[in-house]
């Protein structure tokens, strides 16, 4: 039986696929963010808006941990987003010493715009670089990716 000291050994083809997939997802994310700056937001600003949208109100410490940043650095990002009225701070009802960061209506509008631009840019790349058959194959692969991603959520 596998343990932490003796983890299971994956099939070599699965391991290679996982490595290539992970590296290319990272490359794709970086490339799409370089194509166009949207709403004058940096990558971390976009990530904070997206995290707060998906997860609900989060503390600065939670955001910093999820983005692998120092809380002080995340505090500066959140401060900028508060100044731009894209997020709001409210006292945490469970711990009055900290604030929870939530998306404002303006923040939701900006996030929607960012997502529209990112989706459009990616779709245009697919249209320009892939044949109809390749796009169909990619569509089926995305369905498999969703199955894997939802499986990870259950783990």
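The values are calculated or read from the model by the stated rules, or taken from the named source; none is laboratory data. Since this is a predicted model, take the numbers as computed values, not measurements. Please note: Cβ atoms are built from the backbone with ideal geometry, for glycine as well, and neighbour counts cover all protein chains shown.
Filter region 44-81 down to residues that are closer than 16 Å to residue 108 by Cα and not in a helix (DSSP H, G or I) and give me whichever is modelled with the lowest pLDDT.
Among them, the one singled out is 56.
Exactly one condition in (1) in contact (Cβ under 8 Å) with a residue 40 or more places away in the chain; (2) more than 25 Å from residue 25 (Cα to Cα); (3) in contact with a helix residue (DSSP H, G or I) (Cβ under 6 Å, 6 or more places away or on another chain) is false for residue 61; which is it?
Condition not satisfied by residue 61: (1).
For the condition in contact (Cβ under 8 Å) with a residue 12 or more places away in the chain and over 15 Å from the mean Cα position of the chain (by Cα), what is the one hit in 78, 52?
On the way: 52 fails: over 15 Å from the mean Cα position of the chain (by Cα).
After applying the criteria, what remains is 78.
Is it the case that residue 62 is loosely packed, with under 12 Cβ neighbours inside 10 Å and at negative phi?
On the way: loosely packed, with under 12 Cβ neighbours inside 10 Å: no; at negative phi: yes.
In short, no.
Which of (1) surrounded by 11 or more Cβ atoms within 10 Å (Cβ to Cβ); (2) closer than 29 Å to residue 142 by Cβ; (3) within 15 Å of the chain's Cα centre (by Cα) is the odd one out, the single condition residue 107 does not satisfy?
Evaluating residue 107 over (1) surrounded by 11 or more Cβ atoms within 10 Å (Cβ to Cβ); (2) closer than 29 Å to residue 142 by Cβ; (3) within 15 Å of the chain's Cα centre (by Cα) leaves (3) as the failure.
Which of the residues belonging to region 29-43 are part of a helix (DSSP H, G or I) and buried (at least 17 other Cβ atoms within 10 Å of the Cβ)? Explain how you work it out, then say what you get.
Step one: filter region 29-43 for residues part of a helix (DSSP H, G or I), giving 29-35, 43.
Result: 33, single match.
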